[in-house]
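Every read-out reported here was derived from the displayed coordinates using simple, explicitly stated rules and does not represent laboratory data. Quantities reported herein were computed from a predicted structural model and do not represent experimental measurements. Positions of Cβ are backbone-derived with ideal geometry, glycine not excepted, and every protein chain shown enters the neighbour counts.
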Amino acid sequence: MPKALTQEQVEKFHRDGYAYPINLLTPAEVADYRRRFEELEATIGAEAQSRYRIKAHLPFPWLCKLIRHPRLADAFEDVAGPDVIIWGTSWFTKKAHDIRFISWHQDSTYYGIDPPESVTAWIALSRARRDSGCMRVIPGSHKGAAVVPHVETYDPKNLLSRGQTILNVDETNADFMELDAGQFSLHHNKLFHSSEPNASDDVRIGFAVHIAPAHCRQAQFENATAVVVRGRDRNNYWQPEPYPRHDFDPDCLKALDEAWTRYRKGMKSIAQNAAE
Ligand SMILES: O=C(O)CCC(=O)C(=O)O
């Protein structure tokens, strides 16, 4: 019997490449995480997503706690097995009435996770609906290639760092993964996904947790780090990460900086290979 998903959601994940909604946080917990997120942005005077990339949890004990929430590992186990590592996290936020969007893309083209079996748990810390620009997905698109051609548009309205875009996606069967605050969705790293601008009066806050089975490794660079949240890293593919003693722990900020540098270089070579 599945631990966090329904049997239908498990089947949907394998058939269509995604599943939602899955309950995670109580209203009080959501309010607490949202307050901490708002305080973080007020403190740095910038968007969290512009500063803390690919391992956004690393300098913050409250985010290190969130990624260890047992229901995330439960949900992952339901679709991908017992040895569970978290190799990354990313903020995806849009302010109220924000024209920014996320173009159609496929995570596996850029992640470098081999085999390409990474799964993202996208946690809604505010309501994610069609009007606020929730995620859109193409059912079944995870069954194709792990690296598909993207053009890199560098459109400033695109929240992806390179504006990476799959052209001419047939949107006829696109599904909108609507979530309440405190719920999450799962999507396979080969799934085509995107999201539209936020036309609502509230900010849309997503915290994406990148999870993989421990038999996957990072193929694009050495010394990749991860948190083993369940089971074991039997092949010793992943090095441990420091745990922050407090917000903005300098050792963790340094580790984050090094991780982002390694990832950015690796991402460049993946994109170049895909273009050749
Ligand atoms: O937040 C969004 O709209 C897109 C998120 C995304 O691309 C991802 O989690 O991989």
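Descending by average beta-carbon neighbour count within 10 Å, the peptides 64-77, 240-253 line up as 64-77, 240-253, the highest first. In plain terms, the chain from A145 to D175 could stretch by 8.8 nm, reckoned as 0.36 nm per residue minus the Cα-Cα distance.
The lysines whose alpha-carbon is closer than 16 Å to the alpha-carbon of K12, local same-chain residues fewer than 8 away aside, are K3, K143, K190. Under the rule a/c < 1.5 gives rounded, and otherwise a/b versus b/c splits prolate from oblate, where does the stretch 137-276 land using the Cα gyration tensor? It is prolate, given that a/c is not under 1.5 and a/b is the larger ratio. Per the Debye formula on identical point scatterers at the alpha carbon atoms of the chain, with no solvent, log10 I(q)/I(0) at q = 0.14, 0.16 Å⁻¹ is -1.00, -1.40. Kindly list the residues of the stretch 83-98 that lie in the label zone of E47, defined by a backbone N under 12 Å from the point 7 Å along the Cα-to-C-beta vector. Backbone N within reach: 91-98.
Gain on full extension, evaluated as 0.36 nm per residue between A219 and E38 minus their Cα-Cα distance, stands at 61.6 nm. Where a ≥ b ≥ c are the square roots of the eigenvalues of the C-alpha gyration tensor, would you call the stretch 57-117 rounded, which needs a/c under 1.5, or, failing that, prolate if a/b is larger than b/c, or oblate? Cα axes put the stretch 57-117 in the oblate bin.
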